[in-house]
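Novice: Here it is: the structure, laid out below.
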Amino acid sequence: MVGGQPKPDWALADMPAQQGRILLITGGTSGIGYESAKALAAAGAQVVIAARNPERGEEAIASIRQETPGARVQFEALDLADLASVRALAERLKATLPRLDGLINNAAIMQPPQRGSSAQGFETQFAINYLGHFVLTAEVLPLLRQADAPRVVTLSSIGAHRGAIHFEDLQFERAWDAEAAYQQSKLACLMFAFELQRRSDAAGWGLKSIASHPGLSRTNLLPSQGRSTPLWRFFQTAAQGAVPTLYAATAQEVVGGAYYGPTGLLEARGALGLASVPLAATDGGVAARLWSVSEELSATRFPSRRPE
């Protein structure tokens, strides 16, 4: 989309101070999410980690506070596979926070061995990676609009390049394919990030919507067989994989509608830069259709629709 190239050597030391900012990050108990939450808290932000497991949440908070005494970090329970849980979190936050300066849609699952269903009957990768974040963004939009310069960062994947939106079988009920379902969910995340920026511009929400991806990083997201390959040691660390997300969430020069990630071989690792955008993600008509379908499936409405 739009946006200039960042400094390729941008690192945590370049991240501006985050005092006074309130950020919500999903899946912040491990991997990219944890590294992002830790860095943001160290920079002075108030960080809300939303995830499914309270015990892991408390462990993450204790670890962050050990490195940054006095860190302003809290845990909130969130099951993205249950839209009632998503809405309950949003209601709690609206009752306790004055605003949200940033939302990082980070949580994901990848290629489960069997097809699973969410509480509302959606395929679990579609539900957790994409639809739950779609609903969460809509539900906390009032808090985001209370901030001076709100941002929504949505994580995609290099797998989106091989993805397609299967409108004829979004939930993979006819023919289960774990990899194709994952690729669809991450393409949907990328298309959502771009469409959110278009709709914000049209409706005057004042958001910057940015996408990022971590390349190939050593996290629990990868299937167990991926962690057993000889290539595992060549993957980036989770801290390195978090750099595009942290840049998108904090850098002053970021513009809405950009997509950031590593720029090395196949964008699997390497210096920060603008990520290549899959051709499928540039189809505004498909993005608008996906948005409408998502609203119908989830019984969710953003404040106003994008003009035709």
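Novice: Considering 270, 285, which residue is open to solvent by 20 Å² or more (accessible area, probe 1.4 Å) and either acidic (Asp, Glu) or in a loop (DSSP other than H, G, I, E, B) (or both)? Step through it out loud before you land on a result.
Specialist: Values: 285 fails: either acidic (Asp, Glu) or in a loop (DSSP other than H, G, I, E, B) (or both).
Exactly one of 270, 285 is open to solvent by 20 Å² or more (accessible area, probe 1.4 Å) and either acidic (Asp, Glu) or in a loop (DSSP other than H, G, I, E, B) (or both), namely 270.
Novice: Within the range 237-257, can one find any residue that is surrounded by fewer than 20 Cβ atoms within 10 Å (Cβ to Cβ), acidic (Asp, Glu) and modelled with pLDDT under 95?
Specialist: yes
Novice: Out of (1) surrounded by fewer than 24 Cβ atoms within 10 Å (Cβ to Cβ); (2) closer than 23 Å to residue 296 by Cβ, what's the single condition that is false for residue 128?
Specialist: Every listed condition holds for residue 128 apart from (1).
Novice: To continue, here is another question. Those residues that are part of a helix (DSSP H, G or I) and either open to solvent by less than 10 Å² (accessible area, probe 1.4 Å) or on the phi > 0 side of the Ramachandran plot (or both), I need them from the range 148-172; list them, please.
Specialist: Passing the criteria: 159, 160.
Novice: If you don't mind, there's one more thing I want to ask. So in the range 174-216, with the set limited to residues that are in contact (Cβ under 8 Å) with a residue 40 or more places away in the chain and assigned to a loop (DSSP other than H, G, I, E, B), which one is farthest from residue 244 (Cα to Cα)?
Specialist: Ranking the qualifying residues of the range 174-216, first place goes to 176.
Novice: Could you tell me whether residue 145 is touching a residue at least 24 places away in the same chain (Cβ under 8 Å), open to solvent by 40 Å² or more (accessible area, probe 1.4 Å), of a type outside the set (S, T, N, Q) and in contact with a helix residue (DSSP H, G or I) (Cβ under 8 Å, 6 or more places away or on another chain)?
Specialist: Considered against the rule, which asks whether it is touching a residue at least 24 places away in the same chain (Cβ under 8 Å), open to solvent by 40 Å² or more (accessible area, probe 1.4 Å), of a type outside the set (S, T, N, Q) and in contact with a helix residue (DSSP H, G or I) (Cβ under 8 Å, 6 or more places away or on another chain), residue 145 comes out as no.
Novice: Among the strands (runs of 3 or more DSSP E) confined wholly to the range 19-125, which include 2 or more residues that are of a type outside the set (A, V, I, L, M, F, W, C) and open to solvent by less than 40 Å² (accessible area, probe 1.4 Å)? Break it down into steps so the answer makes sense when it comes.
Specialist: Details: elements: 22-26, 46-51, 73-77, 102-105.
Per the criteria, 102-105.
Novice: Follow-up question, since we're still on this one. Working carefully through the options 95, 77, 43, 88, find the one that is closer than 30 Å to residue 124 by Cβ, at pLDDT 95 or above and in contact with a helix residue (DSSP H, G or I) (Cβ under 8 Å, 6 or more places away or on another chain).
Specialist: None of the others qualify; the one that does is 77.
Novice: When the residues of the range 258-308 are narrowed to those that are modelled with pLDDT of 95 or more and among the hydroxyl-bearing types (Ser, Thr, Tyr), which ends up farthest from residue 200 (Cα to Cα)?
Specialist: 276
The values are calculated or read from the model by the stated rules, or taken from the named source; none is laboratory data. Predicted model, so just to flag it, every value in this text is computed and none were measured. All Cβ positions, even for glycine, are placed from backbone atoms using ideal geometry, and neighbour counts span all protein chains on display. Calculation scope for accessible area: heavy atoms of the full protein, side chains included, ligands and nucleic acids excluded. Shrake-Rupley method; radii C 1.70, N 1.55, O 1.52, S 1.80 Å.
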